[in-house]
Amino acid sequence: MFLEFFKREIDSAIRKPMIYIFFFIMALLVFMAVVSDNVVIGGTVGNVYKNAPSVITNYVAILSIFGLLIATAFFNTAALKDYDNNFNEILFSTPISKASYFFGRFFGALFLSTIPLCGIFLGFLLGAEYGPKMGTISVERIGSFHAASFINNYLLFILPNMFFAGTIIFSMANKWKSTVISFVGALLIIIGYIVSGTLLSDIDSETIGALTDTFGIRAYSIDTKYFTPVEKNTIPVGFNGLLIINRLIWLALGVVILLGSYFAFSFTAKQKKAKKKKSSESLETKPIFTQSPEFSLNHSGSLLWKQFISFFKVNLTSMVKSTTYKIMFAFSAFILIANLFNGFEYFGLQSYPVTYKMMDLIDGTSGLFVIIILVFFSGELVWRDRANHINEVIDATPHGSFTSLLAKSVSLIVVASSINLFLIVVSICFQFMKGYSNVELGIYLQNFIYNSFPTYITWGLILVFIQVILNNKYMGYFVSVLVLFLLDILFMILDIDSKMLNIGSTPSLTYSDMNGFGAALKSVHWFNLYWISFGILFLLIAGLLWIRGTSVGFKSRLKSAKKHFSKKYALGLVTVLLVWLSTAGFVYYNTQVLNTYKTADEMEVLQAEYEKTYKKYQGINQPKITDTKYHIDIYPHQRDVYVRAIVTIKNKSDQPIDSLHYTIDDSWKTKVHLKNAEQVLNDEKFGYQIFKLNTPLQPGKSMRMLVESVYSAKGFENEVSNTSVAANGTFFNNFSILPNFGYNEGYELADKNDRKKYDLPEKDRMPELESNCSINCMNNYLSDGSADWVNVETYISTSDDQIAIAPGSLVKEWKKDGRNHYHYKVDHPSQNFYSFMSARYEKATRKWNNIDIEVYYDSKHPYNVERMLNAVQHSLEYYTENFGPYYHKQARIIEFPRYASFAQAFPGTMPYSEAIGFIIDLEGKTEINIVDAVIAHEMAHQWWAHQVIGSKMQGATMFSESFAEYSSLMVMKKATNDEIKMKDFLKYDLNRYLRGRSNEVDKELPIYKVENQTHIHYGKGSVILYALQDYIGEDRVNQAMKGFLNEFKYKEPPYPTSLDFLRHLEAQVPDSLQYLITDWFKEITLYDLRLKEATYSKQNNKYQVSIDIEAKKLRADTIGNELEQPLNEWIDVGFYSMYNDEEDARLLYQERIKIDQEHMTLNFVLDSLPVKAAIDPRRILIERVYNDNLKSLTEKNGEAN
Amino acid sequence: MATLKIKNLNKTYPNGVHALDDVNLEISNGMFGLLGPNGAGKSSLMRTLATLQDADSGTVTLNDIDIFKHPTELRKVLGYLPQEFGVYPKVSAEQLLDHVAVLKGVSNSKERKELIHYLLNKVNLFDKKGQNVKGFSGGMKQRIGIAQALIGNPQLIIVDEPTAGLDPGERNRFHNLLADVGQEVIIILSTHIVDDVRELCSNMAIMNLGKIVYQGSPIAVMDELKGKVWQKSIERNQIEEYKNNFKVISDKMVAGKPIIHVYKETNPGDGFAAVDPNLEDVFFTKVYL
């Protein structure tokens, strides 16, 4: 009997096209993703195989979210088919068993819903087979298949995900007998998934995030987060780790839900509850009419308004009263609140709930819900009269169709807006709750009015138009979704960036506390006008083609349009058309003619051609800059900057130089003026220029050149191209305003596959490290040969409300012509890397040892200024004591708008984004934290990068970035003096390294050959340097760094390499630990440590503790193959007196033990009883799985045996 | 005195059905009945008159309004109760009528309220004005339907099959309502129920297969048949035989036995008895003979 129902379910489905269509879509999607790099499912693949086991699992997991919709269709049909066909009463009166019926249908639907997802496997098989044959991908990017990949993915993802989703959908369908409710069930599951995702944002709660994920995606990604490319290529997903726990949890929950539903299920049809009739005894006495009351009919203009209002009210009420609206409303609020309470985490700290963060959240949350509402209700409203069979009555009244359609659009817009506005109210309540009193209601409303509201208007009009024109509700939905989502993808494929073609799109508007809505606002206004008039135009057309009555066919619609096309209507249509056309013309002129831009593909072609044409000039002998005198005039409100720079260049080579080469950036208009020289090439396409000197520049000689550079904002743009020049918060550096000397390698295409596409040879990320370098060490990686150490002087002016800042000491400041003028001069020749800034700043200062510590900040962000001054001071204290003097007379932190969120070190100045640090809530936080850490890091660059800098080859960033990060950790360590706290900091760096190497696209190199990759120089660098100071002592590491610094600081080239540092380091490391330099710096070494057993017994008030450990040292090659190494290590073993979580852990005792065997038993005698034992208790070694390093102690019952 | 003139009206649907076949009618004030079997083209005609459907050719004018050229002008003086009259969910009777009243141009809200209360009172639903119309019974819904059709002093009121599915009580109430509207306007009542026309209309037309097969007063047409309709009670198995030998107008069961009506200029004898022709006889004669 069970089989009968099971088969019946399947039989009826395989006779319908749905299952094949879904299967085909899945296969096609995956096939496309395998054979093309443009189709991406859930993130790029990197350098693992296109059909690697990890890729298969990722696709399966992600697509099973979409599979949910398929599941909804099948389970809903299974549950409701008999009811929908009114077959239930016949069927249930037959003697069938409830269990067979219930479970037969359920498992039938379950089996069916897993079928389309198996299309993924077909997609992989076909893609792997035909991808190389079609020539779209190379054969090296296809690996071999593992049967386990298919079977395990089916058993671990497809089946359980469909099962769990099925239990919810099937139960809800059985209970409420409504398709809409079934889809609500599916929506609930997706929302649950999103909410659980918010738990993943911090690494401390990621385990909970992994287990609460319905689909198991996050559990898998955490299990494999440190996987190397080799592991990703070879290891199919298995029945282990967090994933299997996650699967069991959801399987169990599913079973409970299914059984609950089974017991609640009954064959006897439920009696529809009779609604209690409201006693609506009207209090009004019944009027007595003898004759019809007097009234007047009015068909003038004022009636139009009243008709509009009446339509509007009727539409609005119907939406507001609908379940869908209530659900969307509640869900969006729920998600916002979940996000708000999750907070604005930043490295374990919370940022203040500043308005722009709230607005970003509101826009992010409302987006999807509003789209659902707009699409769904556009269909509902357009079909409402017909669905309720009142269309003939309404159509026969003397109203204009446009009035009715406009009312539909407007009510849609109002309903969409209500969600957004409600979220604003929730956000403001949250701000108050958090004690944040700077509520900027005006900003919220402006953001709404400029950004969301016009979008709602455009879509509200267009979607109604689509529904009216297509005259089929489901076709209308289909086309609406296509237009909303597919247009983006289509334009991406066609490489069209213009926002004038992509319906409803406007330049992105980013609110910054410093710069408000910025330069994009003007453009957004014009685009809004453009799209709204476009929408109205189409609605006017829809008003004519709207079917009054029951006519069918396009012909009769045209006939009816003619009848209703009055003079007034024509006038309206022409007016709107003119408004739209003139706006379009104006927008086109501004975004395509006045301001041009290059699309991604155009840019690629240009890059490739540039390389092909001018690569021949790379490395030709060019002079270097020695002095620069800048004259900069900033007009922030016009967004204009005028630069005149007098640059002194010197031939530092031993050959005369007869011509000068430049590459000029096209966003700044840059002109080079040279005396006694002739321009022999001016390639405007690439900005390449060659000047021939009348008399060659002899070795050791200098000459001067004048550079004029202008940025001048004109009209408005398709997307703001230059955020560095802003009304408040200008921030640009010398590389934007000076031409690039010679051929610029930085313009070359970097991506391996892109290069192949344009027939360019493979390219190294960095020149190879050389141990004896002469010529190749003459350039440093930062200025790349354009300069060594330069003297800089700046005359800078800005508007009278702003302060302009250039590097160096302020020599003089004055006012002239209503503008502020400043003269700065750098006190010591420095790196040719300078920033120029201007904004309305507040300024906090402090003097420390004759150094001016200054913080320039926006008046809205005073919270952490005092701490920042402290942080700079602490850094200066530690660095001057341990590394050497600071050569500038000032250390400045300068805030800039959040168009970028980083901090950067220039000589003596550190621009620091408003998005980080300034708005972090440090109220009551006494201990040192990330805000201090970032400052300490940037301050450390004043030594590491600005006093000593690497030659342009592998390993160079080790002694700028790794040293800066290490220095910062040392400042932290000195301030906290708490080893466990340090573990908290280190885990971010360790995580960064392990995750980074897992996403390596090329090959991993040991740190002394780092190729400017953040996960290695920040992540690994700081972790091993920290461990090293733990092993050999802080003084010795600092001594090595100091010795290295003293040898090279502010020295003319040749520049040092990482080998120069290792030379200094080796001198500081005792012989017994020299192996660490090899293991950590010159190789890729990972540890795998385990604590197998931890027992104790009490003897004479002392505790005899015994632990069994297992240790492995692994050496990884560049693609992650690991090879076990012989053990001869010193590793810490420790005992915790308290350990509820990582936060409150307290080390009772630790000892560094020599470990030379894989399995060892160690014995200790302790005075008091620890709760946990650990190997590498402070987690200073690089190890992927740390959980197994800890164990609770158990009492040994040795005597009993 | 309003006059509705329909001239040479034709309509063929894309599926080939000739719904209106050269229809010519002239209708003036008073209740006009349009009688015809299902599928005769009544609703097509009604919808065309209500500007909800196009005709292929022909003209329709109400006084001096050409309804095809100026549909909006006609809609200003039109009251229409379609065959299928549905209502919005979750909307009360008063709200619904208010909405329609605004659309029809009753713009003063105070006057509108008074008018709606008057109409609700007239259709005897004043007590239920706050209740959702969706929950009303068929008869109540039809009364709301006629109330909305009466809004705005229409000169032309079209009611399409209003009594289908109503119980006899509701039907009577409905008829009284229509009769109350008075004789100053044109009311076109389309129906397949002969009694509706007999009870209400002074003028009528009979329609079949898109054609007007008769136009005139019910009395006159019955006079035409006087003395030509004969009735007989027969056995069930004899029906075929009688149909072959006589022009059988109708056969219906009375107390389990068929009674047939036949058309003959003279007495056929053979147990047939003379009977006064009723409108039903007229209907069947016009439609089927």
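Throughout, read-outs are computed from the coordinates displayed, never taken from laboratory work. What you see is a predicted model; the values in this text were computed from it and never measured. Positions of Cβ are generated from backbone atoms using ideal geometry, with glycine treated the same way; all protein chains shown enter the neighbour counts.
Data for the structure
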| item | result |
| --- | --- |
| Gyration tensor (alpha-carbon) shape descriptor, chain A, a/c threshold 1.5 | oblate |
| Nitroxide proxy distance, nm - points 7 Å out along Cα→Cβ at A:Ala584 and A:Thr179 | 3.8 nm |
| Peptide B:66-72, shielding by other chains (average Cβ, 10 Å cutoff) | 3 |
| Alpha carbon centroid spacing (whole Å) that separates the stretch B:73-120 from the stretch A:666-727 | 75 Å |
| Stretchable slack from B:Lys247 to B:Asp180, in nm (0.36 nm times residue separation minus alpha-carbon distance) | 20.1 nm |
| Ascending count of other beta-carbon atoms within 10 Å, so fewest first, for A:Ser566, A:Ser809, A:Ser967 | A:Ser566, A:Ser809, A:Ser967 |
| Approximate spin-label separation A:Leu349-B:Ser233, in nm, with each point projected 7 Å along Cα-to-Cβ | 10.6 nm |
| Exposure proxy order (Cβ contacts within 10 Å, fewest to most) of B:Thr12, B:Thr163 | B:Thr12, B:Thr163 |
| Cα-based reach from A:Lys1112 at 15 Å (exclusive), listing aspartates and glutamates while leaving out same-chain residues under 8 positions away | A:Asp1079, A:Asp1088, A:Glu1122, A:Glu1124, A:Glu1129, A:Asp1132, A:Asp1156, A:Glu1158, A:Asp1176, A:Glu1183, A:Asp1188 |
| The stretch A:851-926: GluC sites (Glu not before Pro) in DSSP loop, at most 12 other beta carbons within 10 Å | A:Glu923 |
| Structure-based [θ]222 nm, chain A - -39500 (n - 2.57) summed over DSSP H runs of at least 4, per residue, nearest 500 | -14500 deg cm²/dmol |
| Global form of the stretch A:741-856, assessed from the alpha-carbon gyration tensor, a/c cut-off 1.5 | prolate |
| Rounded to 10°, Cα long-axis angle of helix A:961-976 versus longest principal axis of chain A | 90 degrees |
| For chain B, the spread of Cα positions along each principal axis, largest first, Å | 70, 43, 37 |
| Over 22 Å (Cα to Cα) - which of A:Lys981/A:Lys1003; A:Lys952/A:Lys1009; B:Lys42/B:Lys286; A:Lys598/A:Lys1003; A:Lys624/A:Lys752 fall in this group | A:Lys981/A:Lys1003; A:Lys598/A:Lys1003; A:Lys624/A:Lys752 |
| Reachable aspartates and glutamates, given that their alpha-carbon falls under 14 Å from the alpha-carbon of B:Lys113 and they are not under 8 places away in the same chain | A:Glu284, A:Glu294, B:Glu94, B:Asp98 |
| Burial ordering of A:His823, A:His1017, fewest other beta-carbon atoms within 10 Å first | A:His823, A:His1017 |
| For the stretch B:223-288, the spread of Cα positions along each principal axis, largest first, Å | 32, 22, 21 |
| Cβ-Cβ FRET estimate between A:Leu487 and A:Phe2, R0 fixed at 45 Å, reported to 0.05 | 0.40 |
| Sites excluded, chymotrypsin sites (Phe, Trp or Tyr not before Pro) in DSSP loops with at most 11 other C-beta within 10 Å, longest stretch of chain A | A:240-1201 |
| C-alpha long axis of helix A:554-564 to longest principal axis of chain A, angle in ° | 80 degrees |
| Hits among aspartates and glutamates - C-alpha to C-alpha of A:Lys816 under 14 Å, sequence gap 8 or more where chains match | A:Asp633, A:Asp800, A:Asp801 |
| Exceeding the 21 Å Cα-Cα cut-off - candidates A:Lys232/A:Lys1082; A:Lys175/B:Lys134; A:Lys987/A:Lys1042; A:Lys306/A:Lys568; A:Lys1020/A:Lys1051; A:Lys473/A:Lys563 | A:Lys232/A:Lys1082; A:Lys175/B:Lys134; A:Lys987/A:Lys1042; A:Lys1020/A:Lys1051; A:Lys473/A:Lys563 |
| Scattering profile of the stretch A:963-1082 at q = 0.15, 0.16, 0.22 Å⁻¹ [log10 I(q)/I(0), Debye over alpha-carbon scatterers] | -0.72, -0.82, -1.37 |
| The stretch A:1061-1117 versus the stretch A:946-971: alpha-carbon centroid distance in Å | 26 Å |
| Any cysteine of the protein assembly as shown lacking a neighbouring Cys Cβ under 4.7 Å - listed by number | A:Cys118, A:Cys429, B:Cys201 |
